[in-house]
């Protein structure tokens, strides 16, 4: 079993030592200096780790905490799904848990993933409720115009509509936009927009 450790800090002036102290001699180290808002498969070392997993070089990844993978729950869950699909065990140090136990999915870990997914859904629901509340207030004041005809859908709506494209982008970051478009049956423009939205 080839192990890897993924560390991330947001800026060069932050201290990486707290994460580095957990490194082990038998681990390949991937250190990124990048905002957690950037999609995992768009980071320099994140890309390298994804490729190593795809090549079968890595089958065990450790992180000090889930937020090292990202601060966007959608991106975190997408990354975790990629690990699972490629039979990679993920260990989260501060939880003391691994995604697999005795060759089988760890039910406690799966429960935590479900909670994360539910939290993500709650955040989207709460955001929508706040938007509707804001719209109601704006209508009451007579200043609400609504979405103009022909305007684009929201980021969440777009990514949800094209979730099959999102999955391929995460699973195959090394592929060109043209190749991804051919695989998914989506237009080149759609693939480009998906990739742009996943890194903001």
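Throughout, read-outs are computed from the coordinates displayed, never taken from laboratory work. Nothing here was measured: the structure is a model prediction, and the numbers come from that model. With ideal geometry, Cβ positions are generated from the backbone for all residues, glycine too; neighbour counts draw on all protein chains shown.
Annotations
- Judged by the mean number of other Cβ atoms found within 10 Å, the most tightly packed of the peptides 41-49, 88-96 leads the ranking 41-49, 88-96.
- Rounded to 10°, Cα long-axis angle of helix 107-141 versus longest principal axis of the chain: 20 degrees
- Selected from 58, 135, 188 as most flexible by GNM, with the chain as the system and alpha-carbon contacts under 10 Å: 135
- Cβ crowding within 10 Å ranks 99, 154, 11 as 11, 154, 99, fewest other Cβ atoms first.
- Cα long-axis angle, helix 44-54 against the chain (0 to 90 degrees, to the nearest 10): 70 degrees
- Within the listed set 105, 12, 173, the Gaussian network model of the chain (springs between alpha-carbon atoms below 10 Å) gives the highest mean-square fluctuation for 12.
- Residues 160, 190 in ascending order of nearby Cβ atoms (within 10 Å, fewest first): 160, 190.
- Summary value for region 150-200: 39 percent relative contact order, contacts being C-alpha pairs under 8 angstrom separated by 6+ residues.
- Tilt relative to the chain, helix 73-85 - C-alpha long axis, 0 to 90 degrees, to 10: 40 degrees
- Taking a ≥ b ≥ c as the square roots of the eigenvalues of the alpha-carbon gyration tensor, region 1-131 is classed oblate because a/c is 1.5 or more while a/b is no larger than b/c.
- The Kirkwood hydrodynamic radius of region 150-200, based on inverse pair distances between different Cα atoms, is 10.9 Å.
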